[in-house]
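Worksheet: the structure to be examined is printed underneath.
The values are calculated or read from the model by the stated rules, or taken from the named source; none is laboratory data. Fair warning: this is a prediction, and the values are worked out from it, not measured in the lab. In this analysis, Cβ positions are derived from the backbone assuming ideal geometry, glycine residues included, and neighbour counts consider all displayed protein chains.
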Amino acid sequence: MNANLKETILNPIFKGNPITVLVLGICSSLAVTVEMKGALVMALSVIIVTGVSSLILSLLRNTIPNRVRIIVQLVVVAMMVILVDQVLKAFAYSIDKQLSVYIGLIITNCIVMGRIEAFALGNKPIPSLLDGLANGVGYGLILIVVAFFRELFGSGTLFGVQVIPNALYEAGYVNNGLVILPPMALILIGVIIWIQRGIQKDLQEK
Amino acid sequence: MNTNSNVYTVIYSTLIVVLVAALLAFVAMTLKPRQDANIKAETISQMLCAAQFYTKDECSAMGNDKVLEAYASNIRRAFLIDEKGDSLRALNTDVKNIELQDGLKAQNAAIRKGKSAQLPVYIFGKDGREITVIPCYGAGLWGPVWGYLAFADDAKTFVGAYFDHESETPGLGAKIKDDPDFRAQFVGKQADWASSPVFAIVKGGAAKASEIDAITGATMTSKGLGTAVNTWLEAYKPYFQKK
């Protein structure tokens, strides 16, 4: 694998993470991170939508009239989002109900349009597909990390399975209700950004 | 080719939209039977929850087919009544062909306008007693709220309730569905058929047997749900008073 392609894949996962560095897709990452299961499905959905729409638009990139390119992008992304929603409704109804409006809102997730504008329209299909997938993964990773802490401390479970022993509850331990609410997700994402900026000194402003 | 000419742009856009529309229509039609089956199983599991046969988690774990079987084996009869409480026709309860009254929205409009309605009554058998399950439907804060109310065979005491919503605020209004403690308040409460309102969701300290506490921080959802429950109970009043 050549260095460029490797960079395309690895960059969005840590160094140029869409949530922590580009600060895109914050809204949905606050909303769907109460439980690991929902976060995982949301992550997979976004990975599929960003990957496939980047691929399609990269294939079309030389035919798209410049003046209507945003509209063409919207049509393709909207199509992918509706497809994902329909498939979830048919095969994972309870999760679709839980994610409800946020699946539809993937289209407003800036990561998707951002990567298409910035990358897919100027690059060959394969790198575009990888770029889309990798950005989806970068988004998904943060979602899962946040969901891990929120589900563990908010509900005492992981993937719906209780992990905090009953003995601890009997000893007076109480689930933290604040962790369930969106503000705590914002604080958690803030902490992740803080840690990343601590490691990556070049992100710090002078 | 000049991709910036007007003709090209118009043809290109039209083509893309038509292609995408055709693909989506095809997918939607292919998946429709499966989605309908999911919605039906969901509706039935909400009734089973209201009647306290299973918890919601148990229903989710059962899968669609098991939910349908559970319905068919516990239901005694299901039928539609009109707004005067007279029976219109029976609903099919055979496991292969379960018939439900789906159009709650249309019925809600009919009730509110005082037009003729077709209201479903589902009667389940449990431990030799009859549990009557009826739906309710109304407007929450952001979208519709609906649910099922289950009565013991004295036709006024609640054995349970289950509510769902389209887009109430998570953590606040969404508690009508997510908070088991809210639903549990219904158990043992009574519809007061003699008075109006028949049942109420009140702020701070439910004193009467026909009242429960609203949800803190979700005033509008609580009000909407209270109205929904009350409107539908009023509509079923003739039926229950005949019993």
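Some values worked out for this structure:
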quantity	calculated
Test for B:Phe240: is it part of a helix (DSSP H, G or I), farther than 21 Å from B:Asn108 by Cα and in contact (Cβ under 8 Å) with a residue 24 or more places away in the chain	no
Flag for A:Val191 being among the β-branched types (Val, Ile, Thr) and closer than 27 Å to B:Glu58 by Cβ	no
Residue that is more than 16 Å from A:Ala120 (Cβ to Cβ), among the aliphatic types (A, V, I, L, M) and buried (at least 19 other Cβ atoms within 10 Å of the Cβ), where the choices are A:Val52, A:Val46, A:Val84, A:Val76	A:Val84
Condition check for B:Gln52: within 17 Å of the chain's Cα centre (by Cα), of a type in the set (S, T, N, Q) and buried (at least 17 other Cβ atoms within 10 Å of the Cβ)	no
Per-region count, region A:74-87, residues of a type outside the set (A, V, I, L, M, F, W, C) and over 21 Å from A:Met42 (Cβ atoms)	0
Tally of residues being assigned to a loop (DSSP other than H, G, I, E, B) and among the basic types (Lys, Arg) across region A:158-206	1
Any hit, region B:184-196, residues being more than 26 Å from A:Ser94 (Cα to Cα), of a type in the set (Asp, Glu) and modelled with pLDDT under 90	yes
Complete set of residues in region B:141-169 that are out of contact with any Pro (no Cβ under 8 Å at 6 or more places or on another chain) and assigned to a loop (DSSP other than H, G, I, E, B)	B:Leu141, B:Trp142, B:Gly143, B:Ala152, B:Asp153, B:Asp154, B:Ala155, B:Lys156, B:Ser167, B:Glu168, B:Thr169
Residue that is nearest to the chain's Cα centre (by Cα) [pool: residues in region A:99-111 that are among the hydrophobic types (A, V, I, L, M, F, W, C) and either at pLDDT below 80 or surrounded by fewer than 17 Cβ atoms within 10 Å (Cβ to Cβ) (or both)]	A:Cys110
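Listed here are the residues, each with its yes/no results for (1) exposed (fewer than 14 other Cβ atoms within 10 Å of the Cβ); (2) assigned to a helix (DSSP H, G or I); (3) small (Gly, Ala, Ser); (4) within 9 Å of another protein chain (Cβ to nearest Cβ).
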site	(1), (2), (3), (4)
B:Asn2	yes, no, no, no
B:Thr9	no, yes, no, yes
B:Arg34	no, yes, no, yes
B:Lys40	no, yes, no, no
B:Ser45	no, yes, yes, no
B:Ser73	yes, yes, yes, no
B:Arg76	yes, no, no, no
B:Lys84	yes, no, no, no
